[in-house]
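Peer 1: Take a look at the following structure, please.
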Amino acid sequence: MALELQTFSSSAEASAALRGGGKSYLGGGSLVVRAVNEGDVRITGYVRSTDKALTSIATDGGRARLGASVTMAQVVGCEALSELAPAAKLIGGPAVRNVATVGGNLFARSPFGDFTVALLALGATVHFTDGEMDIDAFLAARETVTDERGIVVAVSFDIPPSGRFRFLKISRVKPKGVAVLTIAAAIGTDAKGTISEARIALGCMSDRPIRAEAAEKALVGSELSESGIAGAVDVIGEGTAPITDPIASSWYRAEVLPVHFRRLMLD
Amino acid sequence: MARIPVQFTLNGQEKAEFIESGATLLNVLRDRMGDTSPKGGCQQGTCGACSVIIDGELRLSCLTLAETCEGATIETAGGLANGSELHPIQQAIVDGFATQCGFCAPGMVMAIKVLLDAKPAPSREDVVEAISGNVCRCTGYEPIIQAVLSVSRSNSQQAV
Ligand SMILES: Cc1cc2nc3c(=O)[nH]c(=O)nc-3n(C[C@H](O)[C@H](O)[C@H](O)COP(=O)(O)OP(=O)(O)OC[C@H]3O[C@@H](n4cnc5c(N)ncnc54)[C@H](O)[C@@H]3O)c2cc1C
Ligand code: FES
Ligand code: FES
């Protein structure tokens, strides 16, 4: 049965219409409409906002702000976001990328959420109708946070300088495949090549993207060499609970994580 | 539920209908507008059989709500042929035996059309990427890729 769609010109009105539960915000719809088509009766209606600000990309002074309705195709097409294009380009096929939004990706359960893995490594800020949060806090509270703060209106982050950001998605089917695992890393080095900062994010290692904090700690003060990263490779799986799905078992994902992490670091 | 009006251009013709709010474009095209060329395969965004072109972009009609297409220009496989004369993409698929059961073909040709409209002489890699969201269980894809490359070769010959 079709569900009613309510359209509002402002995100504040859309946020208000969502309160009370049951209704689902409609971004690109690639997960919500899919769930309804599959018979998810928890969704009782759709709400969307046509606010223009939601579809805009701003890149000023080294910082990017992507409206929540910006699509993966828009990210791929934006020159200033070329460091992130490889992450956006690996999401679904062309038709999915034309609708899959940054906002929707923040809520996607594993094995989806590849772009959010990238945003987590970049330490993005999530902006709501009412206030903002860092992405770590957002991910911990994402089931309830929009009730309090309204819909996500944008994400912002410092655009990584070339070479600082690394991204790897492993899938069985190429070019369009669901992730076995996803790894994103933002690695800062000092003049001597010693790692001064590291943020590592993992996809498929929990029901949502998570940080690899033990590996981050092990990397700081080391060099990006086989011996320098060995300690981080040993602990990359710490705190993870990989998912099991038709693509791979939890056991398999845990086994291959250190292998792919090592490759990404030494690439 | 109250019906709501929706208007768009479908394969060059103005269409206006009263539809159920929240109805998918796939259902509206097939059940209300008589265009059965987009196929409902999975309704999950996975097979691409329902692919159509909305305002020049490849889209999955099973995941698109019809009322979000108000005022849009929609193209489907049903509008490609000119009378009995097939569109060059369709003809290349027939000539190259690039369709067997035919279920994927209406979506596949739309994915190919978007590619060739933007890039008349694509590389093999471009073709693979362009049809990566369209599943074909019969052909093994190679005949489809070859058919697209043959259209692209005749495009470049015409350009000379
Ligand atoms: C065939 C196929 C392949 C896919 N492949 C991938 C893949 O490789 N990688 C990947 O990461 N994902 C993949 N996806 C999943 C999905 O397309 C993406 O995660 C996409 O980014 C979700 O965005 P959306 O706008 O379509 O979300 P929607 O379906 O619109 O929404 C998803 C959820 O987020 C909520 N939401 C959306 N926007 C907001 C907002 N602004 N504020 C508050 N809540 C919001 C919705 O209410 C809903 O709960 C795939 C999907 C399909 C159908
Ligand atoms: S029916 Fe739309 S993708 Fe399969
Ligand atoms: S020809 Fe049968 S699915 Fe492609």
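Peer 1: Got a number for carbon plus sulfur as a percent of region B:88-159's accessible area, 1.4 Å probe?
Peer 2: On the way: 1980 of 3470 Å².
In region B:88-159, the share of accessible area belonging to carbon and sulfur is 57 percent.
Peer 1: A follow-up question, please. For chain A, what is the largest minus smallest coordinate of the Cα atoms on each principal axis, given in angstrom and ordered from greatest to least?
Peer 2: 58, 43, 32
Peer 1: If the viscosity is 0.692 mPa s and the temperature 37 °C, what translational diffusion coefficient in µm²/s does Stokes-Einstein give for region A:104-146 when Rh comes from Kirkwood over Cα pairs? Walk me through the numbers on the way to the answer.
Peer 2: Numbers: Rh = 10.6 Å.
Translational diffusion coefficient: 311 µm²/s.
Peer 1: Working only with C-alpha atoms, what are the Rg and Dmax values of chain B, expressed in angstrom?
Peer 2: Answer for chain B, Rg first and Dmax second: 15.9, 57 Å.
Peer 1: Still on this model: Got a sec? What order do B:Ser37, A:Ser227 fall in by accessible area at 1.4 Å, biggest, i.e. largest, first? All intermediate terms of the calculation are to be shown ahead of the outcome.
Peer 2: Working: B:Ser37 20, A:Ser227 95 Å².
Sorted by accessible area, descending: A:Ser227, B:Ser37.
Peer 1: Taking the Cα centre of the protein assembly as shown as origin, work out the dipole magnitude from +1 charges on Lys and Arg Cβ and -1 charges on Asp and Glu Cβ, in debye rounded to 20.
Peer 2: Working: 38 positive and 46 negative charges, 119 e Å.
For the protein assembly as shown, the charge dipole is close to 580 debye.
Peer 1: Taking all protein chains as present, what is the carbon and sulfur share of the accessible area of region B:3-79, in % to the nearest whole number, probe 1.4 Å? Please report the intermediate quantities before stating the final value.
Peer 2: Values: 1250 of 2930 Å².
On region B:3-79, the fraction of accessible area on carbon and sulfur atoms equals 43 percent.
Peer 1: Moving on. Report, in deg cm²/dmol and to the nearest 500, the calculated mean residue ellipticity at 222 nm for chain A, where each DSSP H run with n ≥ 4 adds -39500 (n - 2.57) and the sum is divided by the residue count.
Peer 2: Working: 12 runs with 89 residues, N = 267.
After summing the helix terms and dividing by the residues of chain A, the value is -8500 deg cm²/dmol.
Peer 1: Here's something else I'd like to know. Residues of region A:35-57 that become at least 10 Å² less accessible with every protein chain present than in their own chain isolated, using 1.4 Å: which are they?
Peer 2: Buried on complex formation: A:Asn37, A:Glu38, A:Tyr46, A:Arg48.
Peer 1: Taking amide H positions as placed 1.01 Å from N in the peptide plane, with prolines and chain starts having none, which residues 5 or more places from A:Glu4, or on another chain, fall under 5 Å of its amide H?
Peer 2: Here A:Tyr46 satisfy the definition.
Peer 1: Moving on. For a test of understanding, tell me how many lysine pairs in the protein assembly as shown have Cα atoms under 23 Å apart, given they are 8 or more places apart or on different chains.
Peer 2: Summing the qualifying lysine pairs gives 16.
Peer 1: Label points 7 Å out from Cα along the Cβ direction at B:Asp117 and B:Asp95: separation in nm?
Peer 2: 2.3 nm
Peer 1: Carbon and sulfur together cover what percent of the accessible area of chain A at a 1.4 Å probe radius?
Peer 2: Roughly 51 percent, rounded to a whole number.
Peer 1: By how many degrees, between 0 and 90 and to the nearest 10, does the Cα long axis of helix B:105-118 differ from the longest principal axis of chain B?
Peer 2: 70 degrees
Peer 1: Additional query: Give me the inter-chain shielding for A:94-104: mean count of other chain Cβ atoms within 10 Å, whole number please. Mind showing how you got there, number by number?
Peer 2: Values: counts 14, 21, 9, 3, 8, 9, 1, 0, 0, 0, 0.
For peptide A:94-104, the averaged partner shielding equals 6.
Peer 1: Let me ask something else. Whole number in Å², please: accessible area per residue of region A:165-266, 1.4 Å probe, ligands, DNA and RNA not counted. Spell out each step's value before the answer.
Peer 2: Values: 4570 Å² over 102 residues.
Ligands and nucleic acids excluded, the result is 45 Å² per residue.
Peer 1: Residues of region B:1-45 with accessible area at least 40 Å² lower in the all-protein-chain context than alone (1.4 Å probe)?
Peer 2: With the partner chains in place, region B:1-45 has these residues losing at least 40 Å²: B:Met1, B:Ser21, B:Gln44.
Peer 1: Taking each full run of DSSP H in chain A as one helix, which ones are at least 15 Å long along their axis (Cα atoms) and have mean Kyte-Doolittle hydropathy of at least -1.0? Could you put the intermediate results ahead of the total?
Peer 2: On the way: long enough: A:250-266 (25 Å, 0.09).
Answer set is A:250-266.
The values are calculated or read from the model by the stated rules, or taken from the named source; none is laboratory data. Note that the coordinates shown come from a computational prediction; the quantities given were computed from them, not determined experimentally. Note that each Cβ is placed from the backbone with ideal geometry, even for glycine, and that neighbours are counted across all protein chains shown. Areas reflect the complete protein model, heavy atoms only, side chains present, ligands, DNA and RNA absent. Shrake-Rupley method; radii C 1.70, N 1.55, O 1.52, S 1.80 Å.
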